[in-house]
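First comes the structure, then the notes that go with it.
The values are calculated or read from the model by the stated rules, or taken from the named source; none is laboratory data. Bear in mind the structure is a predicted one, so any value in this text is a computation, not a measurement. As a convention, Cβ positions derive from the backbone with ideal geometry for all residues, glycine included, and neighbour counts pool all protein chains shown.
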Amino acid sequence: MNIPECRAVITGASGGIGQALVAELLRDGAHLLLVGRQPEPLQALAEAHAGKVTLVTADIRERSGREAVVAAAQRFGGINTLINAAGVNHFGLLEQHDETAIAELIELNVTATLQLTHRLLPLLRQQGRALVVNLGSTFGSIGYPGFTAYCASKFALRGFSEALRRELADTLIKVLYFAPRATQTRMNGAQVVAMNDELNVAMDDPHSVALQLLAAIRREEEERYLGWPEKLFVRLNSLLPRLVDQALRKQLPIIQRFARSKP
Ligand SMILES: NC(=O)c1ccc[n+]([C@@H]2O[C@H](COP(=O)([O-])OP(=O)(O)OC[C@H]3O[C@@H](n4cnc5c(N)ncnc54)[C@H](OP(=O)(O)O)[C@@H]3O)[C@@H](O)[C@H]2O)c1
């Protein structure tokens, strides 16, 4: 995708990765329709990029929210890129989770993401070429203790991306599955940061993640996984999962300690 020709809807635009991505895409001349749930962070983004972005405040889990995004995309004059970056994560052992929170996580990360993509596909089809970008995760390939619901949602998103790519193989719509490793955003609370520190798990700066995503969009890649050794573990987990079982078994007491000490 040639970035100056990019007319993109970005969900999760007010998030850590979203904001960095917005800045990088605008720098290269993209036209952006930003979607978020809370008006204040979206408004702050509009002020930081005055006159360069259009906003939609919408909860994409609601049908009315998705309809608002579709209507805004039509008023915008059409879109050729959809970046699904809205997502939530809850660290904790499954038995500690609240039932409603599990449902809400799956509803946003999976159901609403599929539903919004479904609603926007007809608009994407109207363009000569188009791109759907799904923000996955290393945890979309490796089941990790303490993140069971989140892993389930990102595994689903990876499957969705693969199936949609194959379904659209005879069209000019491409699908990119982009999988960052742990990133320094508010998605990761103090507990997760401290745990990653003890486990020597590196955390990326959201701007470096945004730059990698920009490169993948430019090249219209099908998949990009970030981080070393995370990329190796993704491969290893698909080929020799028992080895990853053993490595994670050693980390388990530390993960349990952090999960159980959560306020
Ligand atoms: N941070 C990481 O370690 C990491 C690693 C790998 C992958 N990822 C993925 O990268 C993406 C962005 O993550 P991030 O770290 O930037 O997250 P973040 O900073 O927590 O931001 C999350 C974004 O999602 C939006 N959102 C949440 N619920 C929504 C809803 N119901 N409707 C519409 N928007 C909603 C939020 O908007 P409001 O604030 O307005 O609710 C916010 O813009 C996510 O898909 C995440 O799973 C993150």
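Only residues that are touching a residue at least 60 places away in the same chain (Cβ under 8 Å), out of contact with any strand residue (DSSP E or B) (no Cβ under 7 Å at 6 or more places or on another chain) and more than 12 Å from S153 (Cβ to Cβ): list them for region 83-97, please. Those that are touching a residue at least 60 places away in the same chain (Cβ under 8 Å), out of contact with any strand residue (DSSP E or B) (no Cβ under 7 Å at 6 or more places or on another chain) and more than 12 Å from S153 (Cβ to Cβ): F91, G92, L93, Q96. With respect to V132, determine if the residue is modelled with pLDDT of 95 or more, more than 10 Å from the ligand (Cβ to nearest atom) and part of a strand (DSSP E or B). Yes. Among the criteria (1) within 11 Å of the ligand (Cβ to nearest atom); (2) in contact with a His (Cβ under 7 Å, 6 or more places away or on another chain), the one A149 does not fulfil is (1).
Checked against the criterion of being in contact (Cβ under 8 Å) with a residue 60 or more places away in the chain and not charged (D, E, K, R), region 23-45 has at least one qualifying residue.
Considering region 163-197, the residues that are surrounded by 13 or more Cβ atoms within 10 Å (Cβ to Cβ) and of a type in the set (D, E, K, R) include one that is farthest from K250 (Cα to Cα), namely K174. Out of F178, F155, one residue alone is away from the ligand (no atom under 12 Å from the Cβ) and not in a loop (DSSP other than H, G, I, E, B). It is F155. In region 209-224, how many residues are touching a strand residue (DSSP E or B) at 6+ places or on another chain (Cβ under 7 Å) and within 17 Å of R165 (Cα to Cα)? The qualifying residues number 7. The set of residues in region 209-263 being surrounded by fewer than 19 Cβ atoms within 10 Å (Cβ to Cβ), among the aliphatic types (A, V, I, L, M) and under 16 Å from D197 (Cα atoms) consists of L248, L252, I254. Pairing residues of region 177-188 that are free of Cβ contacts under 8 Å to residues at least 60 places away in the same chain with residues that are more than 6 Å from the ligand (Cβ to nearest atom) and among the basic types (K, R), at Cβ distances under 6 Å and at least 6 apart in sequence or on separate chains, gives Y177/R158; F178/R224.
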